[in-house]
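Shown next, in structure tokens, is the structure this report addresses.
The values are calculated or read from the model by the stated rules, or taken from the named source; none is laboratory data. Model, not experiment: these values are computed from the prediction. With ideal geometry, Cβ positions are generated from the backbone for all residues, glycine too; neighbour counts draw on all protein chains shown. Just the protein is used for accessible areas: all its heavy atoms, side chains included, with ligands, DNA and RNA removed. Shrake-Rupley method; radii C 1.70, N 1.55, O 1.52, S 1.80 Å.
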Amino acid sequence: MVKIAVDAMGGDYAPGEMIKGAVDAVNKRKDIYVCLVGQENVIEEELKKHSYQQEQISVCHASQVIATEEPPVTAIRTKKDSSIVVGMNLVKKGEADAFVSAGSSGAILVGGQVIVGRTKGVERPPLAPLIPTEKGVSLLIDCGANVDARASHLVQFARMGSIYMEHVVGIKNPRVAIVNIGAEEEKGNALVKETFPLLKECNDINFIGSIEAREIPHGGADVIVCEAFVGNVILKLYEGVGATLLGKVKAGMMTSLRSKIGALLVKPALKETLKSFDASQYGGAPLLGLKGLVVKTHGNSKALEVCNSIIQCVIFKEQAINEKIQASLADGKQERD
């Protein structure tokens, strides 16, 4: 069984949606064991609302909760009995294969590096969510962990992202592109101009050049490399435009009797199309390059995303992604030497 620690207290809809997502995961798969981390009495009360195999879920008590607005470094240092710190320590000690949380992004990023620790050779662990595209999914790396990245960081992101897409998503020889303001090599800011030639020299990745933001939804690349400031803007705009368009479509279909009848006719096809652009079905964003697996889900995650994040951890463990990342970085270092 793959043992996954889940932060029951983190997120806008905790503990209800976190616990429901955990229950849904164990009810779907018999090879998952979930340890819900948080205030025991609160979790036990919530679990009473659900039916599940009791041998697949346990509770690990943590008396404290790290709030989103708290300074991450201080919170990790002082709140030793928080659900985030306790959950990450389970991964560090080898008592859990992965940790999933919708809690404070800053605390998860700091805790991942300080408690779980970076894989040897990794300069900066990036957050890497899967985003829906016209052709399936793409990996956006980094989307929130390293606002001030260097060229060497982006090269590592490209390598880690390629490994993830090939072994977790199943895309052979994934296309790697760097986010830019034009397709020409000479365009971009100083970071992009410095990184571009380094990526061209990497024999272990399929680098296809620059990608403009408008090409991302069309599936122009499988791995989209950028520093976290750009990545977070892309991700949030992506989500905002998607939600706005969905709202507009729904409102437009309710304007008249004719449009309502038309809505009934197209509803099945439209529902299937919109489902393919629902990011929650792909789970959370792994913090790549750590000694153990840490997955950050959206703060507003509902049970579906939590469930898929847990299932995502099983694939990650089965494919030994951390070991493959370490081997890839070691090979890259030998090439440079």
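Considering only the other residues whose Cβ falls under 12 Å of the Cβ of ALA158, what net charge follows from Lys and Arg at +1 and Asp and Glu at -1?
Working: positive: ARG159, ARG175, LYS200; negative: ASP142, GLU201, ASP204, ASP222.
My count for the surroundings of ALA158 gives -1.
GNM remark for the chain: springs join alpha carbons under 10 Å apart, and the peak mean-square fluctuation among ASP12, ASP148, ASP222 falls on ASP148.
For region 1-143, the antiparallel share of DSSP beta bridges with both residues in that region comes to about 20%.
Remark: region 148-263 carries a charge dipole of roughly 780 debye about the Cα centre, counting +1 on each Lys and Arg Cβ and -1 on each Asp and Glu Cβ.
Think of region 97-142 as having a plus end and a minus end, set by charges on the Cβ of Lys, Arg, Asp and Glu; of VAL122, SER104, LEU139, VAL122 sits farthest toward the positive end of this dipole. Considering only DSSP beta bridges with both partners in region 116-228, what is the antiparallel share in %, to the nearest 5? Bridges in region 116-228 are about 25 percent antiparallel. Placing +1 on the Cβ of every Lys and Arg and -1 on the Cβ of every Asp and Glu, with no other charges, gives the chain a dipole of roughly 640 debye about its Cα centre.
Using 1/(1 + (r/R0)^6) with R0 = 45 angstrom and r between the beta carbons of ASN41 and ASN189, what's the FRET efficiency to the nearest 0.05? After rounding, the FRET efficiency stands at 0.30. Within the chain, DSSP assigns beta bridges of which about 20% are antiparallel (rounded to the nearest 5).
Given a 10 angstrom Cα cut-off, can you work out which residue in SER256, SER104, SER82 is the most mobile in a GNM of the chain? Result: SER256 has the largest fluctuation of those listed.
Which lysines, on any chain, are close to LYS260 with Cα under 19 Å apart, when same-chain ones fewer than 8 places away are left out? Candidates past the 8-residue exclusion: LYS248, LYS250, LYS271. Put the Cα centre of region 226-250 next to the Cα centre of region 142-204 and the gap is 21 Å.
When a 1.4 Å probe is rolled over the protein heavy atoms, the share of accessible surface on region 52-96 that falls to carbon and sulfur comes to 49 percent. Taken one residue at a time, the phi angles of region 180-190 give Karplus couplings (6.51, -1.76, 1.60, θ = phi - 60°) of 8, 8, x, 7, 6, 5, 6, 7, x, 7, 4 Hz. Gly and Pro are set to x. Taking trypsin sites (Lys or Arg not before Pro) in DSSP loop conformation with at most 13 other Cβ atoms inside 10 Å as exposed sites, the chain has its longest uninterrupted site-free stretch at 173-337.
Are there any GluC sites (Glu not before Pro) in region 133-198 that are in a DSSP loop and have at most 13 other Cβ atoms within 10 Å? List them by number. The partial results should precede the final answer.
Details: sites: GLU134, GLU166, GLU184, GLU185, GLU186, GLU194; in loops: GLU134, GLU184, GLU185, GLU186.
Those satisfying the criteria are GLU134, GLU184, GLU186.
Working note: Karplus 6.51/-1.76/1.60 with θ = phi - 60° gives region 305-317 the couplings 5, 5, 4, 5, 5, 5, 5, 4, 5, 5, 4, 4, 5 Hz, where Gly and Pro are set to x. Summed over the residues of region 54-135 and divided among them, the accessible surface reaches 43 Å² per residue at a probe radius of 1.4 Å.
Taken one residue at a time, the phi angles of region 96-109 give Karplus couplings (6.51, -1.76, 1.60, θ = phi - 60°) of 9, 7, 7, 10, 10, 8, 10, x, 3, 4, x, 5, 5, 5 Hz. Gly and Pro are set to x.
All C-alpha pair distances within the chain, sorted into 10 Å bins from zero, spread as 6, 26, 31, 24, 11, 3, 0, 0 percent across the bins. In this structure TYR13 has an accessible area near 110 Å², from a 1.4 Å probe over the protein heavy atoms. Close amide H contacts of GLN39 (hydrogens built in the peptide plane, cut-off under 5 Å, sequence separation of 5 or more or a different chain): ALA62.
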